[in-house]
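Just so it is clear, none of the values below were taken in a lab; they were calculated from the coordinates. Keep in mind that this is a model prediction, so the values were computed, not measured. Quick reminder, even Gly has a Cβ in these numbers, built from the backbone with ideal geometry, and neighbours come from all protein chains shown.
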Amino acid sequence: MAGEEGKGSLVGKLEAEIRAIDLKISDLSAERHALTRILERTKSEVFTAAATTRKNGFSKVVVEQEILQTLRRREVPVSSADLLAAARTVRYNLKPVTFRTHLHRLKAKGLITNSDEKGRGYWSIASQQRP
């Protein structure tokens, strides 16, 4: 019977390791998908401020362009949660605090505004930015 207990413990450990590997595969797949989208968009679009000098400059530009494009596609103000979800399609591991930094940088540049009609947490393209 002692052999059966040891066998069960080993099976549990192996199953846990397999689950951990599956989680890593899932994370890598999400990262690959985000990079593929970035590559496709980079080939088909010209990013504003494409000349970046900082190490994280490219990521910043890609996230901010996704925020702006999402706002341009919609006619109504967009919630921060929806914008974060859109930004995560190009940078899957984007943290909410970093995302808020992107929003406030765009607001400081005069590219986006808080929406008064929908309340806090909703954003629109600044009126001078509308096509």
> Whole-Hz Karplus ³J(HN,Hα) for segment 93-103, in order, using 6.51 cos²θ - 1.76 cosθ + 1.60 and θ = phi - 60°, x for Gly and Pro?
Replying inline: 9, 5, 8, x, 5, 5, 4, 4, 4, 4, 4
> Once phi is turned into θ = phi - 60°, what whole-Hz ³J(HN,Hα) does the Karplus curve with 6.51, -1.76 and 1.60 give for every residue of segment 17-22, x standing for Gly and Pro?
Replying inline: 5, 5, 4, 5, 5, 4
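For the pair residue 13 and residue 93, what calculated FRET efficiency results from E = 1/(1 + (r/R0)^6), where r is the Cβ-Cβ distance and R0 = 35 Å, to the nearest 0.05?
0.80
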>> Take residue 104 and residue 33, extend 7 Å from each Cα along the Cα→Cβ direction, and tell me the distance between the two endpoints in nm.
In response: 3.1 nm
>> Over 26 Å between Cα atoms: which of 60/109; 24/109; 13/95 fall into that group?
In response: 24/109; 13/95
